[in-house]
There are 2 protein chains.
Amino acid sequence: MVVRAGVVVTGTEVLTGRVPDANGPWLAERLRLLGVDVGRIVVVGDRRDDLAEAMRFLAADHHLVITTGGLGPTADDLTAEVVAEVQGRATHLDEVLEEQITEIVAGLHAQRGWGPPGRAAAVGIRKQALVPEGAHVLAPVGTAPGLVVPPATGEGPPVVVLPGPPGELRPMWEDAVADGLVRAAVAGADELRQATVRLWGPPEAELAEVLREHEEGGGAAGFAALEVTTCLRDGELEVVTRYSPDAQPAYDALLAVLHAHFGDRVFSDDGRSVDEVVADLLRAQGLTLATAESCTAGLLAGRIADRPGSSAYLLGGFVTYADEVKTSQLGVDPDLLARVGAVSEEVAVAMARGARERLGTTLGVSVTGVAGPDGGTPEKPAGLVHVCVSREGRDEQRELRLGGSRAHVRARTVVSCLHLLRELLTTDGPV
Amino acid sequence: MVVRAGVVVTGTEVLTGRVPDANGPWLAERLRLLGVDVGRIVVVGDRRDDLAEAMRFLAADHHLVITTGGLGPTADDLTAEVVAEVQGRATHLDEVLEEQITEIVAGLHAQRGWGPPGRAAAVGIRKQALVPEGAHVLAPVGTAPGLVVPPATGEGPPVVVLPGPPGELRPMWEDAVADGLVRAAVAGADELRQATVRLWGPPEAELAEVLREHEEGGGAAGFAALEVTTCLRDGELEVVTRYSPDAQPAYDALLAVLHAHFGDRVFSDDGRSVDEVVADLLRAQGLTLATAESCTAGLLAGRIADRPGSSAYLLGGFVTYADEVKTSQLGVDPDLLARVGAVSEEVAVAMARGARERLGTTLGVSVTGVAGPDGGTPEKPAGLVHVCVSREGRDEQRELRLGGSRAHVRARTVVSCLHLLRELLTTDGPV
């Protein structure tokens, strides 16, 4: 049985794009683990009618509706009362809950060194303790309680009401899925598998043609039972497939087609990111790393250090934005800089060697380029970047010619460095 | 007149949260500049019924519906045919368009060094050239044309169909807003103003109480005509207000209340981010900067270099993850490291001074901390970070005790460094 949930994300800051929604994606993955597919996500501002319409829209063809946000103490926090209205229930003051929230708020005030909560705070607390008749209350993690609200008529899905801050929503989710109404709503959901293949290099169009030719050629197992989505990100092509257990042979066939056609360009078929692949290689081979960055200015080192435990291989690095710093800190010959310019293969190699030698690491990785939008010349336009990985006796360098914004050029460069490292660590000869 | 647009974002990769939606937010801001408010955004997967229902849902109470994505050559790209169905129109093959796309695809093939497009490609092109009767075609930027499709009945809003890749959608938007059907749909929209105030320090609850007390005190102008949304991000509190021109006095009153209550904690009321404020201060005072980062490992330097032209003040920096590197590259006394440990006020000060002296800059900024989740001790738990800004004759340091994930600790630390810089550059005495 296909069980679907709809998600209502409230908040004008999300609707107007100032804040990315952190909850919808997180819930989508949690729900998948329960075998529940997310059908639609609706983002609405803090407006009564929009919120009510969104709930009704999703209730019409989903087994479960989840709302996030709008549970605070202020007047524009409307979710609880709108859910009550949509589910056809009156609200009442839950005095035990009111007392509980009052204690939490008093604790927060004390912690911050403020006086005890005043009348304004009491109004907010009373608002947060208004509960629809017949709803189950999920204990507050912050100050806001969550709710599970069944429809008064018995017709339609229950609405699970969760707070907006991810630090409150995530712990509360455990209570929500343990709730009897929620368990009944998602009962009978089939397992929903998801697998990810990552490729470096091929354009999305090439993948589309490969898949279509295989389909038209009438391959043993068609791909119709698979939900395949692809996306291109910083030069990596991510192929994510969702399928039910009985479509496993079709997925196996798809995976074989991808390996057969793309070969080495498939760098992960077990969900690992390039960061994880590189970290595993560095660890397995007992290598150490130093960075030397000009236009990325620390983003490469910062990304390598995103992973806990990265101090096992990352010893440090250099941000050498000014040419004098390339010379003073990495030993790049000033005559070389004058002759070929900072954005050149030669300087990239000298930087990578310099970083490796100065920090005494096995590997040095360097970046020098024109991130743009200004600073380019006809010979060296914005988007031209040289990267190099150096180890004793071997320097691998690449010239990148990237388009797009400054942020895009820098992000794409960081990913290119990780792939150059990966290639160097998975091949013995020249890559 | 309040004119509202609804946005349908298609793509399973967005629905399942693997890719953040870049188009909805961008469109929301573009629309605001036309005086058009975004009422709701619906995110759907690549499924026919979900897509159709989403369009009908938004058409019911918006003046304009915009769809993004689902215009590619593959079978799961359904948007154009579903729009035709929802708007009650048959589709026909636009042969001129087919020829135009064929030329574009042939050019791409040639550019990539492939052979000419084959039969599979021709099927995809023909699909992209199917146009609803009576629709206006927006010329392709990539391979996919956009559409403006009015309802056959004349009742309801036109649907603007745009491609998913932001690099295609954004240029095409200019053509879309010049289209007569779109102009008619948004005609009469009132100006919609938006202003942003940023605070460093106060919790969201304190802001809520200040606003409520002012409202209850019956301030000269009530805030009812303002749509105020607040969000907390890396320790900064952002207050964004949308209002129509006749509510300008109410906004002015709100701004006065914020300045009166929060004083110096308001660091921007003109929309500038802390990055921009710091960059402006560095430029105006002719200062130069070097970084020395342990747990943030380059993220601070990388963020400073996000801004074009940052080479005017950022000369470079150091990622000193290993203690030996703190000593060899920054001159931190190894006895000091042994005595007080790397995560300490003393080492933070020595790092900032070392960076400044090694690179000969006016300012040095340092970070040393336990990003977690591992590596903490009872005395120095995960989340303990020391930061320092050093200039000749003055070292300002702060001890941060942060909660949350590794990513959160590091991001919050970077923002804290920017604010410490800002404070140092806006005060003469101790801050």
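Read-outs: derived from the displayed coordinates by stated rules, not from any lab. In this text, all values refer to a predicted model and were calculated from it rather than measured experimentally. In this analysis, Cβ positions are derived from the backbone assuming ideal geometry, glycine residues included, and neighbour counts consider all displayed protein chains.
Below 10 angstrom from the Cβ of A:Arg339, what's the summed charge of the other residues (Lys, Arg +1; Asp, Glu -1)?
Numbers: positive: none; negative: A:Asp333, A:Asp335, A:Glu346.
With Lys, Arg at +1 and Asp, Glu at -1, the neighbours total -3.
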For chain A, built as a Gaussian network whose Cα springs stay under 10 Å, the top-fluctuating residue of A:Arg242, A:Arg193, A:Arg401: A:Arg401
Span-rule helices in chain A, defined as complete DSSP H runs reaching 20 Å or more along the axis (Cα) with Kyte mean at least 0.5: A:248-262
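Using the Kirkwood radius over Cα pairs, work out the Stokes-Einstein diffusion coefficient for the stretch A:99-227 at 37 °C and 0.692 mPa s, in µm²/s as a whole number. Present the calculation step by step, with values, prior to reporting the outcome.
Numbers: Rh = 19.5 Å.
The estimated diffusion coefficient comes to 168 µm²/s.
If you add up the charges near A:Ala185, with Lys and Arg at +1 and Asp and Glu at -1, over every other residue whose beta carbon is less than 12 angstrom from its beta carbon, what do you get? Can you show the working numbers first?
Details: positive: A:Arg4, A:Arg183; negative: A:Asp179.
Result for the neighbourhood of A:Ala185: +1.
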Whole-angstrom Cα spans of chain B along principal axes, big to small: 79, 68, 42
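Run through the stretch B:149-257 and list the GluC sites (Glu not before Pro) located in a DSSP loop whose Cβ has at most 10 other Cβ atoms within 10 Å.
Numbers: sites: B:Glu155, B:Glu168, B:Glu174, B:Glu191, B:Glu204, B:Glu206, B:Glu209, B:Glu213, B:Glu215, B:Glu216, B:Glu227, B:Glu236, B:Glu238; in loops: B:Glu155, B:Glu191.
Of the GluC sites (Glu not before Pro), the ones in loops of the stretch B:149-257 whose Cβ has at most 10 other Cβ atoms within 10 Å are B:Glu155.
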Of the trypsin sites (Lys or Arg not before Pro) in the stretch B:96-153, those whose Cβ has at most 16 other Cβ within 10 Å and which sit in DSSP loop: B:Arg112
Candidates B:Pro157, B:Pro202, B:Pro20: whichever shows maximal mean-square fluctuation once chain B is modelled as a Gaussian network with Cα springs under 10 Å: B:Pro20
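Mind checking the mean number of beta-carbon atoms from other chains within 10 Å of the Cβ atoms in A:18-26?
So the per-residue partner count for this stretch is 5.
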Within 10 Å of each Cβ in B:322-331, the average number of Cβ atoms from other chains: 4
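In the neighborhood of A:Pro165, defined by Cβ-to-Cβ distances under 14 Å, what is the net charge if each Lys or Arg adds +1 and each Asp or Glu adds -1?
Working: positive: A:Arg170, B:Arg233; negative: A:Glu13, A:Asp21, A:Asp77, A:Glu168, B:Glu204, B:Asp234.
After counting each charged neighbour, the total is -4.
Looking at the square roots a ≥ b ≥ c of the eigenvalues of the Cα gyration tensor of the stretch B:142-195, which shape do they give, rounded for a/c under 1.5, prolate if a/b is larger than b/c, or oblate? Can you show the working numbers first?
Details: a/c = 2.43, a/b = 1.12, b/c = 2.18.
Oblate, since a/c reaches 1.5 and b/c is not below a/b.
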Label geometry 7 Å along the beta-carbon vector: B:Glu345 inter-copy distances in nm: 5.4
Relative pair counts by distance (%), Cα atoms of the protein assembly as shown, 10 Å bins: 2, 11, 19, 23, 23, 15, 5, 1, 0
Inter-copy separations for B:Gly331, label at 7 Å along Cα-Cβ, nm, ascending: 2.0
The stretch A:274-426, dipole about Cα centre (Lys/Arg Cβ +1, Asp/Glu Cβ -1), debye to the nearest 20: 300
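Rounded if a/c is under 1.5, else prolate if a/b beats b/c, else oblate: with a ≥ b ≥ c from the C-alpha gyration tensor eigenvalues square-rooted, which is the stretch A:35-157? Don't skip to the answer; put the middle values down first.
Values: a/c = 2.20, a/b = 1.96, b/c = 1.13.
Prolate, because a/c is 1.5 or more and a/b exceeds b/c.
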Spatially proximal lysines relative to A:Lys326 (Cα-Cα < 30 Å; intrachain offsets below 8 disregarded): A:Lys380, B:Lys326
Closest-to-axis residue of chain B (Cβ criterion, axis taking B to A), whole Å: B:Gly298, 1
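Would you list A:Arg212, A:Arg265, A:Arg183 from fewest to most Cβ contacts within 10 Å? Mind showing how you got there, number by number?
Details: A:Arg212 19, A:Arg265 15, A:Arg183 12.
Ranking A:Arg212, A:Arg265, A:Arg183 by Cβ neighbours within 10 Å, fewest first, gives A:Arg183, A:Arg265, A:Arg212.
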Euclidean distance between Cα centres, the stretch A:94-127 to the stretch A:33-78, Å: 27
At most 16 other Cβ within 10 Å, DSSP loop - GluC sites (Glu not before Pro), the stretch B:380-418: B:Glu392
Choice from B:Asp234, B:Asp246, B:Asp335 showing the highest fluctuation, given a GNM over chain B with Cα pairs closer than 10 Å: B:Asp335
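Highest first, please rank the peptides B:312-321, A:91-100, B:1-10, B:286-295 by the mean number of other Cβ atoms sitting within 10 Å of their residues.
Answer by packing, highest mean first, reads B:312-321, B:286-295, B:1-10, A:91-100.
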Three-way shape call for the stretch B:387-426 based on the alpha-carbon gyration tensor, with the a/c threshold at 1.5: prolate
Pseudo-label separations to other copies for B:Ala184 - Cα-to-Cβ vector, 7 Å, nm: 5.2
Per-residue mean of C-beta atoms belonging to partner chains within 10 Å, peptide B:225-238: 3
